[in-house]
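A.B. asks: Please see the structure below; I have some questions.
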Amino acid sequence: MSEIPKAYEPGKIEKKWYDFWLKQGYFSPKIDPKKKPFVIIMPPPNVTGELHLGHALTATLEDIMVRWHRMQGDPTLWLPGTDHAGIATQVVVEQQLTKQGKTKSEIGREKFTKLTWEWANKRREDIRHQHQLLGASCDWARERFTLDEGPSKAVRTAFVRLYKKGLIYRGERMINWCPRCQTALSDLEVEHKDIVGHLYYIHYPLTESEGFVTVATTRPETFLGDTAVAVNPEDKRYKKLIGKSVNLPIIDKEIPIIADDAVDTSFGTGALKITPAHDPTDFEVAQRHNLPLVDIMHPDATMNKNAGPYQGLERFACRDKVLADLEDKKLLEKIEPYSHSVGHCGRCQTMIEPKVSLQWFVQTQPLAKAAIEAVRDGRVTIIPERFTKIYFDWMENIRDWCISRQLWWGHRIPVWYCQDCGKLTVSVDEPSACTHCGSKQIIQDPDVLDTWFSSALWPHSTLGWPENTADLRYFYPGSVMETGYDILFFWVARMIMMGLEDTGEIPFHTVYLHGLIRDESGEKMSKLRGNVINPAEAISKYGVDALRFALTTGTSPGNDINLGKSKLESSRNFVNKLWNATRFILRSLDTESLEAQEIELQPQRIEDQWIDSQLNKLIKNVTRLMEEFQFGEAEQQIYDFVWSKFCDWYIEIAKIRLLSQSTPSPLPFLANTLEKSLRLLHPFMPFVTEELWQNLKQRLPDKGQMPASIMIAPYPLADDKAFALEAERVMDSIIEIIRSIRNFRAQYKVKPSKWIEARVYTGELLSSLIAEESMIETLAKVRPLTILGRQKRGSTKDKDSVLVLKEAEVVVPLAGMVDRLAEEKRLVKESEEIRERIAQLDARLRDKAFLTKAPSQVVEKEKEKLATLQDKLKRLHQELSQLSSSSADN
Ligand SMILES: [Zn+2]
Ligand SMILES: [Zn+2]
């Protein structure tokens, strides 16, 4: 049998196994009506982006769940796909055109769409490839794109259904407008940033008398669209002016002074200019008072004809000009610095223009009501639970959703306008004539739908809805929706609403939310900070398994994850450890092969009972943790078992047994523990576990009955009969004794080759420990070793070192152990250093200024430090006196 390579080289095995799994068809589930399937519909990455660590985390967590369920024998579907990402994609393709000196209007809609398709198809391939690199075991035969025919038909069908129910309407509403992208945006697509701006105080002259009303505004240029000045009816300063009017300066236009309860008397001067077409609050005031709307801007935010002399100016240039003109007329009273929150386009960062515009909306409240119910009655569970409250808060205050976008890339709105009768035809399939008058003069709405409209249908549209397909019947509703907590509202909430609306059923039972990835020190990763880790680079440096392990070990749902070089390195070290341990076991199996009957484990030795008990305990814990979605903790426990129990102790003890060829052989336990550990680890580290498992399988007597791949092997089940509490107690004690003697040797710098003497005093474990004497001797390098009952313990001489443990006391005579003079020098020097540090800390903790200024945690920390140092000093003194008394004896 050929040996496995000395060093683990991930690049050599990853592609080999992925291709093998793919070829075997393991990723495609078989529909079995007798079994309940496990289903994850992948939240589709945007075709715009390179795969970043967030995608790698999503893919890893989903693959962990999917591989685990597949190993449990569930028909498992993980359906992959990509999102056309309307506005984001259009922005990227537009930028490419700009580089070539072209614009999208020059090349026209058809050509632009064709170009975008080409670009998107290329990106979809890259994204598929990157998922495959990560080991994602998705069913590529069922891969979907949001613009595919199936999902597109679902979009049109959902639109028509909602329209017919009166839940989709077209109306003039205040929306967020991006002047650069020239499209409406939903509230969620707007990023709010705190801006240090100014508050400008402007005089509006009264029409009927001398004097003026002063208004305060952050956007003086919008005065051109003012249609009233509003004051609070209770405001004594303005009471007598209500019903009068002012004259807008420069453009000489008369507008009324009105009273409205909503005016905050403490803001600015208490008199509010009302610009209904460009401010959401003013829009509401205008609705109440029947004020006209005056739109003063073109879609690109340059001023239109309503801006009079300012027509043609860009909005910020207009502001400068307006301010200069007001100043000239002595109508600008003062300017104050003012911080406020301003919306920006989430895609291009241009400042949003709130604007009244004719758009399509979904009336969301009835849909939200059903979606709230589904979470409240437990049909859908959100993990971690704390996000449930956030979900309710958002859903209960939901506003109508603006779904039309003035873009070319996306699902065209299925509405046709009749040029003859003026009525609308709303249809899933393209109509040839107006359904009202039969006229052929119909024109389709030029706009497309918000990308999130198609995303909201994803869990059912990917399975074939609106057709009643076998996939939809079997795989819907899905099991888990796994995604970052930052898109709970964009996505998860809308999927629950639309899933319930279209199918009458929830789209999935569980929402699993993961945290954001931050760098080692907890800082957000960003190109600006230069702390971004590229997954492809991490894969080529550490291997996929190490990256997956680093991303998920020790993490918990909903909490942010810190990732840096050290975690990646320690994950790679773990893979290496596993590799080397397996290599040793494989070599041992090559020299001394296993017999078939040995697979039935008969633990005779205490360490065999112990490792088997520990292994089964681990299996039990891991199974529970996986069921509770605590994947990070499950991994941590497997890691601790493999490294600190199996490799550090069992294999070390087994090496001694193999070397002395003692019977019974530890080989069956080595093979069994390794084989089950590999299966436990497979969902987390698919590649290295397959490679090692296949090599192990070759050497096992029952290889004929074993599955062709670890990924279809059953996940280990715990055997309660293997639990051996007494064996664990004895082994724990043995390990503690050996560890304490090893620590002692390290502390006194005893040469590794040197045997030292030790006595162990113990109670109930006496006979068990005596039986394992040789194990302690060899592993702690002690000779002679005497194990005695506690009652035999006489007075210990001062020159003996006493190590007090849980179930035993270890006494090591110091005589002849160390070079006393050198040791004494070292101890004296260390004591002096510590004394100095104690003095410094002490002075600090007496310093009144420090005590009053420093936060209490800092003071506490310093106190703790002081106590630790004082304790250490005491122990150093003890060691020094032990040393001098033993040297006096000599
Ligand atoms: Zn924009
Ligand atoms: Zn018509």
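The values are calculated or read from the model by the stated rules, or taken from the named source; none is laboratory data. Predicted model, so just to flag it, every value in this text is computed and none were measured. Neighbour counts are summed over all protein chains in view; Cβ atoms, including those assigned to glycine, are modelled from backbone coordinates with ideal geometry. Side chains are part of the model used for accessible areas, which takes the heavy atoms of the whole protein and leaves out ligands, DNA and RNA. Shrake-Rupley method; radii C 1.70, N 1.55, O 1.52, S 1.80 Å.
A.B. asks: Going residue by residue through segment 519-532, is there one that turns out to be surrounded by fewer than 22 Cβ atoms within 10 Å (Cβ to Cβ), touching a helix residue (DSSP H, G or I) at 6+ places or on another chain (Cβ under 9 Å), among the β-branched types (Val, Ile, Thr) and within 30 Å of Ala158 (Cα to Cα)?
C.D. replies: No, that holds for no residue.
A.B. asks: Right, another one. For residues in segment 428-447 being open to solvent by 40 Å² or more (accessible area, probe 1.4 Å), within 16 Å of ligand 2 (Cβ to nearest atom) and assigned to a loop (DSSP other than H, G, I, E, B), which is nearest to Phe159 (Cα to Cα)?
C.D. replies: So, considering only residues that are open to solvent by 40 Å² or more (accessible area, probe 1.4 Å), within 16 Å of ligand 2 (Cβ to nearest atom) and assigned to a loop (DSSP other than H, G, I, E, B), the one nearest to Phe159 (Cα to Cα) is Glu430.
A.B. asks: Does any residue of segment 461-478 turn out to be touching a residue at least 40 places away in the same chain (Cβ under 8 Å), among the aliphatic types (A, V, I, L, M) and at negative phi?
C.D. replies: yes
A.B. asks: Please find, among Met297, Met395, Met303, the residue that is of a type in the set (A, V, I, L, M), crowded, with 17+ Cβ neighbours inside 10 Å, modelled with pLDDT under 95 and touching a Gly at 6+ places or on another chain (Cβ under 7 Å).
C.D. replies: Result of the check over Met297, Met395, Met303: Met303.
A.B. asks: Is it true that Tyr485 is of a type in the set (Phe, Trp, Tyr) and within 23 Å of the chain's Cα centre (by Cα)?
C.D. replies: Against the criterion (of a type in the set (Phe, Trp, Tyr) and within 23 Å of the chain's Cα centre (by Cα)), Tyr485 qualifies.
A.B. asks: Being in contact with a Lys or Arg (Cβ under 6 Å, 6 or more places away or on another chain) and within 14 Å of Lys806 (Cβ to Cβ) is the filter; apply it to segment 753-772 and report the residue that is modelled with the lowest pLDDT.
C.D. replies: My answer is Gly763.
A.B. asks: Could you tell me which of the residues Asp450, Asp486 is surrounded by 22 or more Cβ atoms within 10 Å (Cβ to Cβ), more than 16 Å from ligand 2 (Cβ to nearest atom) and at pLDDT below 95?
C.D. replies: Exactly one residue qualifies, and that residue is Asp450.
A.B. asks: Now for a different question. List pairs: first residue in segment 371-398 and among the basic types (Lys, Arg), second residue open to solvent by 70 Å² or more (accessible area, probe 1.4 Å) anywhere in the structure, Cβ distance under 9 angstrom, at least six positions apart or on different chains.
C.D. replies: Close Cβ pairs (under 9 Å, with a partner that is open to solvent by 70 Å² or more (accessible area, probe 1.4 Å)) amount to Arg379/Glu373; Arg379/Glu505; Arg379/His509.
A.B. asks: Among the listed residues Thr48, Thr58, identify the single one that is of a type in the set (Val, Ile, Thr) and modelled with pLDDT of 90 or more.
C.D. replies: Exactly one residue qualifies, and that residue is Thr58.
A.B. asks: Tell me, which residue of segment 127-140 that is assigned to a helix (DSSP H, G or I) and in contact (Cβ under 8 Å) with a residue 12 or more places away in the chain is farthest from Pro535 (Cα to Cα)?
C.D. replies: By that ranking, first place goes to Trp140.
A.B. asks: Follow-up. Any chance segment 459-477 includes a residue that's within 16 Å of ligand 2 (Cβ to nearest atom) and either open to solvent by less than 40 Å² (accessible area, probe 1.4 Å) or modelled with pLDDT of 95 or more (or both)?
C.D. replies: Checked segment 459-477: no residue is within 16 Å of ligand 2 (Cβ to nearest atom) and either open to solvent by less than 40 Å² (accessible area, probe 1.4 Å) or modelled with pLDDT of 95 or more (or both).
A.B. asks: Continuing with this model, one more query. Looking at segment 388-418, which of its residues are away from ligand 1 (no atom under 16 Å from the Cβ) and either among the acidic types (Asp, Glu) or within 29 Å of Leu115 (Cα to Cα) (or both)?
C.D. replies: Selection gives Asp393, Glu396, Asp400, Ile403, His411, Arg412, Ile413, Pro414, Val415, Trp416, Tyr417.
A.B. asks: Take Phe641 and tell me if it is in contact with an Asp or Glu (Cβ under 6 Å, 6 or more places away or on another chain), over 16 Å from Arg587 (Cα atoms) and not aliphatic (A, V, I, L, M).
C.D. replies: Considered against the rule, which asks whether it is in contact with an Asp or Glu (Cβ under 6 Å, 6 or more places away or on another chain), over 16 Å from Arg587 (Cα atoms) and not aliphatic (A, V, I, L, M), Phe641 comes out as no.
A.B. asks: Right, another one. Do we find a residue being in contact with a helix residue (DSSP H, G or I) (Cβ under 6 Å, 6 or more places away or on another chain), over 17 Å from Thr218 (Cβ atoms), open to solvent by less than 10 Å² (accessible area, probe 1.4 Å) and away from ligand 1 (no atom under 16 Å from the Cβ) anywhere in segment 307-329?
C.D. replies: Yes, because at least one residue in segment 307-329 is in contact with a helix residue (DSSP H, G or I) (Cβ under 6 Å, 6 or more places away or on another chain), over 17 Å from Thr218 (Cβ atoms), open to solvent by less than 10 Å² (accessible area, probe 1.4 Å) and away from ligand 1 (no atom under 16 Å from the Cβ).
A.B. asks: Can you tell me which residues in segment 704-733 are part of a helix (DSSP H, G or I), in contact with a Leu (Cβ under 9 Å, 6 or more places away or on another chain) and free of Cβ contacts under 8 Å to residues at least 60 places away in the same chain?
C.D. replies: Of everything in segment 704-733, just one residue is part of a helix (DSSP H, G or I), in contact with a Leu (Cβ under 9 Å, 6 or more places away or on another chain) and free of Cβ contacts under 8 Å to residues at least 60 places away in the same chain, namely Ile710.
A.B. asks: Of everything in segment 343-364, what is open to solvent by 20 Å² or more (accessible area, probe 1.4 Å) and either within 16 Å of ligand 2 (Cβ to nearest atom) or at pLDDT 95 or above (or both)? Give them in sequence order.
C.D. replies: Once the filter is applied, which keeps residues that are open to solvent by 20 Å² or more (accessible area, probe 1.4 Å) and either within 16 Å of ligand 2 (Cβ to nearest atom) or at pLDDT 95 or above (or both), segment 343-364 yields only Gln363.
A.B. asks: Then there is this: Pick out the one residue from Ile335, Ile352 that is in contact with a Phe, Trp or Tyr (Cβ under 8 Å, 6 or more places away or on another chain), on the phi < 0 side of the Ramachandran plot, of a type in the set (A, V, I, L, M) and within 16 Å of ligand 1 (Cβ to nearest atom).
C.D. replies: Ile352
A.B. asks: Next up: Among residues belonging to segment 152-199 that are in a loop (DSSP other than H, G, I, E, B) and open to solvent by less than 60 Å² (accessible area, probe 1.4 Å), point out the one that is nearest to Ala301 (Cα to Cα).
C.D. replies: Per the criteria, the residue is Pro179.
A.B. asks: List pairs: first in segment 419-435 and more than 16 Å from ligand 1 (Cβ to nearest atom), second open to solvent by 30 Å² or more (accessible area, probe 1.4 Å) and in a loop (DSSP other than H, G, I, E, B), Cβ under 6 Å, 6+ apart or cross-chain?
C.D. replies: Pairs found: Gln419/Gln441; Asp420/Cys437; Asp420/Gln441; Cys421/His436; Cys421/Cys437; Lys423/His436; Thr425/Thr435; Ala433/Lys440.
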